[in-house]
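**Q** Have a look at this one before I ask anything.
The values are calculated or read from the model by the stated rules, or taken from the named source; none is laboratory data. Note that the structure is predicted; figures quoted are calculated from it, not measured. The area values use the complete protein model at the heavy-atom level, side chains included, leaving out ligands, DNA and RNA. Shrake-Rupley method; radii C 1.70, N 1.55, O 1.52, S 1.80 Å.
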Amino acid sequence: GSITVNDLADRMATPQTEIIKSLFFKGIATNVNQTLDLPTAKMVAEEFGIEVETTEEESEARKVTEMLDEADLENLHQRPPVVTIMGHVDHGKTSLLDYIRQAKVAQGEAGGITQHIGAYHVDLEQESGSRQIVFLDTPGHEAFTAMRARGARVTDIAILVVAADDGVRPQTIEAISHAKAAGVPIVVAINKIDKETAQPDRVKQELMEHNLVPEEWGGDTIMVPVSAITGESVDTLLEMLLLVSEVEDLHANPDRLARGTVIEAHLDKARGPVATLLVQNGTLNVGDAIVAGAVFGKVRAMIDDRGDRVESTLPSFAVEVLGLNDVPPAGEEFEVYADEKEARAAADARAVEQRQSRLQQAMASRRVTLNSLSAKAQEGDLKELNLVLKGDVQGSLEAILASLQQLPQDEVQIRVLMAAPGEITETDVDLAAASSAVIIGFNTTLAPGARQSADRLGVDIRDYEIIYKLLEDIEGAMEGLLDPEQ
Ligand code: GDP
């Protein structure tokens, strides 16, 4: 389903320019004839305080995520949210993870020691019964986007930590871009409110500039002032996560063979390959025949985040698994097979496939380049042109964004996933790779490692010093006029 900006404006009884402006500030440059997909249209409408009725068809479609099959829809059960903590360095991500772990996990448990397996869960007593939240243990959007660059989607909700005495900083903005690009809802934790210099309202003001408007100011972003040191309002934050998870309608079918994602893995001298798996659908059992890419194994033992041996693991929970024949890469999907022979064959086939695709990649790269996008446009196959913009100063970025908005976009729509000042980093490359975007640098340089990373992931980085040249190339690509051979 889709709707044009024009029709949407009519139905919302709102001037078209207001809608175009709202989209523009989300990094989506449009014009009145442009069609919007339903989630985008809905987002716009809701921003203007207009309630959107969701038809049955759409909500069904939403449930069929990558991890759910059509058959699972018959037997869906609520599952806990999987949460990642992001934010600027030193704003308190680790402290918050540690506080929650200690306060919510250690209490009431003999020994009170949690294992660091890459994820842990907390139990919360609610009126409606016991509920859980699962936290991924590696904070930061770098880890989040590195996973996504490999095609994994594991996070249901992102906590954005912003220190109340420091405000919105470059990595805060990056984290927002990354969460938005992944379509993951954001809950803001305004941290360090125990400090005298804390200015939570200033933080809210700053976040508004990045389209996160607090609920109390008429927006739809939940913001909770907390202290990771004293623990103040951390309970409220957890409650809010449950609330968002309810809205997100998180479900899985526990009565089937498990599938999910490898969170991390390493080789242990004594125990052999050890992998932390996040079960995203089905139930994982000891004895299951499991395949993760080219890696195969029979689950010999499972150890949960409390260090206990367990026999089975339900959706949204992470568990350390022993019994694999090799160390699978983080971000790889895993799947359980009913038949061990079949599982082994699948892993072997995958190993051959991987060798071939590595070869293919080395020979003719499947890079997303501005030139290849141009070739696609010429075929009429290009609908969207995703860009990551890095520039010398905010001023030039704004000028570029304003000019991009002027380009005709009837055929191809420009999506600016991120526009930020600074050099081009490996994390930018990951974001581009995860979103099939081209990186556009304007009077900026590459951070160490960015070039190698771009070459490895097949990301096109274009450098410009003159705005009109930049615009000319982008317009050329949209019209299919760039030389595809370059
Ligand atoms: P990260 O880099 O985002 O993981 O930040 P850390 O968790 O390492 O915290 C950075 C510093 O801020 C540490 O010295 C923490 O003790 C301190 N810190 C974190 N949260 C709070 C808080 O709520 N209040 C105060 N006063 N200090 C905090």
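**Q** Expressed as a whole number of Å, what is the distance separating the alpha-carbon centroids of the range 411-486 and the range 297-324?
**A** Between the Cα centre of the range 297-324 and that of the range 411-486, the gap is 41 Å.
**Q** In whole percent, what relative contact order does the chain give with Cα contacts below 8 Å and a gap of six or more residues?
**A** 14 percent
**Q** Can you sort PHE24, PHE48, PHE334 by 1.4 Å-probe accessible area, starting with the largest?
**A** I get PHE48, PHE24, PHE334, largest accessible area first.
**Q** Counting only protein heavy atoms, what percent of the accessible surface of the chain is carbon or sulfur at a 1.4 Å probe?
**A** Ligands and nucleic acids excluded, carbon and sulfur reach 47 percent.
**Q** How large is the accessible surface per residue of the chain, computed with a 1.4 Å probe and reported in Å² as a whole number?
**A** Values: 22950 Å² over 486 residues.
With all protein chains present, the chain gives 47 Å² per residue.
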